[in-house]
2 protein chains.
Amino acid sequence: MTGAEGLVHTLLRSGVDVCFANPGTTEMHIVAALETIPGIRCVLGLQENVVTGAADGYWRMASKPAATLLHCGPGLANGLANLHNARRARSGIVNIVGDQAISHRPFDAPLTATTEAWALGISPWTRTVMDATAVGRDAADAVQAARQGQIATLILPADTAWDAHGSVGEAIPFPPAPEPALLAIEEAKRALGSAQPTLLLLGGRSLGATALADAHRIAAATGAPIMAEMFNARFERGRGRPPVDRVPYLVDQALAKLAAFKHVILVCATPPVSFFAYPGKPGCLCPPDCEMHVLATPEEDGPHALAQLADALQAPRVPPTDRGTHPEIAHGALTAAAAGQTIAALLPENAIVVNEGGTCGPAVFSPSHDSAPHDWLDLTGGAIGDGLPMAIGAAIAAPSRRVVGLQADGSGMYTVQALWTQARERLDVTTVVFSNRTYGILLHEFAGVAAKPGPTAVHLMTLSDPAIDWTRLADGQGIEAARARNCEQLADLLRTSFGRSGPFLIELCM
Amino acid sequence: MTGAEGLVHTLLRSGVDVCFANPGTTEMHIVAALETIPGIRCVLGLQENVVTGAADGYWRMASKPAATLLHCGPGLANGLANLHNARRARSGIVNIVGDQAISHRPFDAPLTATTEAWALGISPWTRTVMDATAVGRDAADAVQAARQGQIATLILPADTAWDAHGSVGEAIPFPPAPEPALLAIEEAKRALGSAQPTLLLLGGRSLGATALADAHRIAAATGAPIMAEMFNARFERGRGRPPVDRVPYLVDQALAKLAAFKHVILVCATPPVSFFAYPGKPGCLCPPDCEMHVLATPEEDGPHALAQLADALQAPRVPPTDRGTHPEIAHGALTAAAAGQTIAALLPENAIVVNEGGTCGPAVFSPSHDSAPHDWLDLTGGAIGDGLPMAIGAAIAAPSRRVVGLQADGSGMYTVQALWTQARERLDVTTVVFSNRTYGILLHEFAGVAAKPGPTAVHLMTLSDPAIDWTRLADGQGIEAARARNCEQLADLLRTSFGRSGPFLIELCM
């Protein structure tokens, strides 16, 4: 048995059965092992950031890790940005990087690079397999690490993959998320009983429907509002779930929204900070005299803590939320607001919304409080280019559900080759491109720096010369696509796409 | 004066007047400074590997560095693979990375990443500007480092960019490439006089036309053949220059070609090693008893050393090479060989060939020994996705010359968004896509590992389901494109493109 075969057997025994891949020469023995040992679904991405973004989306919906298969240091480098996003989402990924044979490293052949050093920034668990006999143990360790919600980078030099002394590792158990201390529940209860304005700030796993229902109990019993973090890995929303807003992205809005609070109870969340620094503005978004209380760290079992807190407060159950205000299709011109409302109105039951909508994303978020129940996945690390790849992984993890990608055009171009994989795998993904032909957020930011963008700034922040034709980019990669110029066309195209299987792309000409 | 303004003034004083960029919020003050201080041409790339690959191509043709402008750690990460290739080409780049404000780093906001650590693998000169007053000195140091043929990464936190105490640095002189020691010339002369088979192996700056003419003198006087390294940053070729082959990529071919030599004289080259390791095959491509002689290291002035060696050998001048065998247009089916011959026949005078042709590249290389004089730029680091971006930088560095991109389809998809910048900047780039719908090199490598690729291997190594339509990918980004199904159509399209200005893409259906 080769080291590569030992790796594949170990992955299977540890429950890993999807591999997003872009292999190269140093991974040929692993490809051969994936061929001869059945059970792992292999999905090709045409650039590594597609591969790693897909693995991020897969974890978010499957709650178990996929493997990646990357080629040497530069292949890893290409996928680092979406691994950065995955790290911020606390997504578990078994990040397998083939590399130059150990015997070959001293020759410093052209592809030789600092693979381990590049991995460490996004993958605290990083290990190079030094011998084929160790591959079983190392791979099982990697899966164990990944199942706890982290990126585990396993570097497999080509000679350890081809060596005939491979080994198989048994699955290693991993602990459940730790329960928060009783003291934390007592402290949160005290804050809620203080008669001072108190916020429940939810993040991570505390944004599931059950946890949200318990948070709603607490809110109803105490009057403390609920808010979610600025960007969230997975947020169960829509009718039946409480309408929970996020901490705003724009600093002034966030400061205003948080100004009154004297206590913030953090549930799998961290204290809210501004995304970027601005001259003369604070980095912490809560007022200086606001006290932070950790009910559960992001690693802890926040849902359990919320249930315990609700019980401790003797908070009665709250019936499922239905405000009776279902969003309705808008008419006429495709403003962000009208498009957002139309999408919210037609969102299918159990949709998975992958939001990389940039400045247009919030226009869908607000009205979709009252959409059909759905999951909402944000760009968690701010490294644009996660949307189209994440949709791949989410669709593979949840094949019976429709993925709706809200895609800014500037971000979409980062990983435009992801569309090909959506076509290849016939995934039920509807991508809505908000084609406003600008880096909209930058034009906003630039306004805070200089009076008016001149020719250089316009050159660097607009995509209008030449205009990008998204229908051709999609069609050239095997995806049917069409353009919507008003809300009626958008609604028609959404209905068409939701009524059939496979991918579809709608370019909104805004 | 802001730190950002100090940066821009310093770049200009140091002779940097092109900036390939994809800025974000932390770079807005730099964009504002580029706006108000005229003199730097700004070129937007829609993903950072486009930006860094363009800077690589620019150095190769301009022999001076461009600046990049990247956004935080993940923006740098996206550009690392082409920085890796640039490092292998010894291209100088002033690699500017904006980042979170120093004051903001403790908050660990979502985009915060290990920027410095990621840079170090490709950029031994890496420095974070810690204070706006230091920006002039730091930027001038960075340009000095880059001018010596390395990547110099200058990280500029947002608060040092917006702070009003910016400074301007004067250009710092840098030493010319050192002359090789006289002893090295003596040693090479001895090897050439040994009556044992001796090879002149040329790399780096020794592949310019003048150096090649001196190498030709040596070869004619001594009978020692000349060879170039496997992949070269810039190689002046075509009629009037000696027909010099490269060390073959395939190990068995390389071993056979180098088997007879007892001496190798390295001129700006390193001892030839195989690109990857293979079970039972050597990593060194020369026989164990072959002696290496360093006439010039890659950092040294190889052209000067060749001239001195030729003089020391009293080697007479050799008339410019013209073998009288001009390549001719092929007819009929578009095999790699026929396409290669057709391209070689029509290559315009002074063309710049950017070769990321994968398995099809060699089919153009061989017949183009006798093409019109041209420069040939290879993928030097093996990290695919350098071709389309490199063409941007080469075209901007040499605006009066036609760039001809030889592009494998698999590699091309890595940075397909580079086409947009070619269109935006109206660059004279003709891209020829060898659309064979496979990772051809991998199918070859896989054959050495397993008998026949089964469904999984085929799934991971072919691009045929769905077929990619390159004319639509180009057209969707504003580039006119057409398909060639035979050599006559290819010739017609090449002539059309060479006869007008601006970019054009030809998809070869192979």
*Please give the per residue volume of the convex hull enclosing the alpha carbon atoms of chain A, rounded to a whole number of Å³.*
157
_Shape of the stretch A:336-509, Cα gyration tensor, a/c cut at 1.5_ = prolate
*Rounded to 5, percent antiparallel among DSSP beta bridges of the protein assembly as shown*: 10
*Average beta carbon contacts from partner chains per residue of A:148-160, 10 Å cutoff*: 1
*What is the packing order of peptides A:429-440, B:288-299, taking the mean over residues of other C-beta atoms within 10 Å and listing the highest first?*
A:429-440, B:288-299
*asked:* As a test of the formula, what do you get for the protein assembly as shown when each DSSP H run with n ≥ 4 contributes -39,500 (n - 2.57) and the sum is divided by the residue count, at 222 nm and rounded to the nearest 500 deg cm²/dmol?
replied: -11000 deg cm²/dmol
_At 1.306 mPa s and 10 °C, plugging the Kirkwood radius over alpha-carbon pairs of the stretch B:3-162 into Stokes-Einstein gives what diffusion coefficient in µm²/s?_
107
*Where a ≥ b ≥ c are the square roots of the eigenvalues of the C-alpha gyration tensor, would you call the stretch A:318-387 rounded, which needs a/c under 1.5, or, failing that, prolate if a/b is larger than b/c, or oblate?*
oblate
_DSSP-defined beta bridges in chain A - what % are antiparallel, rounded to 5_ = 10
*Could you tell me which residue in chain A puts its beta carbon nearest the axis mapping A onto B, with the distance rounded to whole Å?*
A:Arg472, 2
*For B:Asp56, B:Asp475, what's the fewest-to-most ordering of other Cβ within 10 Å of each Cβ?*
B:Asp475, B:Asp56
*One decimal, nm, shortest first: give the distances between the label point of A:Lys262 and those of the same position in the other copies, each label point 7 Å from Cα along Cα→Cβ.*
9.4
*Using only C-alpha positions, report the orientation-averaged shadow area of the convex hull of the stretch B:120-230, nm², one decimal.*
10.0
_Bridge type composition, the stretch B:336-509 - antiparallel percent by DSSP, nearest 5_ = 5
*Treating the beta-carbon of each Lys and Arg as +1 and of each Asp and Glu as -1, no other charges, what is the dipole magnitude of the protein assembly as shown about its Cα centre, to the nearest 20 debye?*
900
*asked:* Placing the label point 7 Å from Cα along the Cα-to-Cβ direction, what are the distances from A:Glu179 to the equivalent spots in the other copies, shortest first, in nm to one decimal?
replied: 8.1
*asked:* Within 10 Å of each Cβ in B:70-77, how many Cβ atoms from other chains are there, averaged over the peptide?
replied: 6
*Mind sorting A:Glu229, A:Glu170 by how few other Cβ atoms lie within 10 Å of their own Cβ, fewest first?*
A:Glu170, A:Glu229
*Using a label position 7 Å from Cα in the Cα→Cβ direction, what is the ascending list of nm distances from B:Ser366 to the same site in the other copies?*
6.6
*Using r as the Cβ-Cβ distance of A:Leu443 and B:Ala256, and R0 as 51 Å, what FRET efficiency do you calculate, to the nearest 0.05?*
0.30
*Have a look at A:Ala394, A:Thr380, A:Leu442 and report the one farthest towards the positive end of the charge dipole of the stretch A:361-510, computed about the Cα centre with Cβ charges (Lys/Arg +1, Asp/Glu -1).*
A:Ala394
*What number comes out for the charge environment of A:Met390, summing +1 per Lys or Arg and -1 per Asp or Glu over other residues with Cβ under 13 Å away?*
-2
_Whole-Hz ³J(HN,Hα) for each residue in the stretch B:277-288, computed from phi via Karplus 6.51 cos²θ - 1.76 cosθ + 1.60 with θ = phi - 60°, x for glycine and proline: what do you get?_
8, 9, x, x, 10, x, x, 7, 8, 8, x, x
*So what's the stretch A:384-443 giving for Rg/Rh, alpha carbon basis, Kirkwood Rh from the mean inverse pair distance?*
1.00
*How would you rank B:Ser366, B:Ser91, going from fewest to most other Cβ atoms within 10 Å of each one's own Cβ?*
B:Ser366, B:Ser91
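Rule-based calculations on the coordinates, nothing more; no lab input. Note that this is a predicted model, so its numbers are computed, not measured. With ideal geometry, Cβ positions are generated from the backbone for all residues, glycine too; neighbour counts draw on all protein chains shown.
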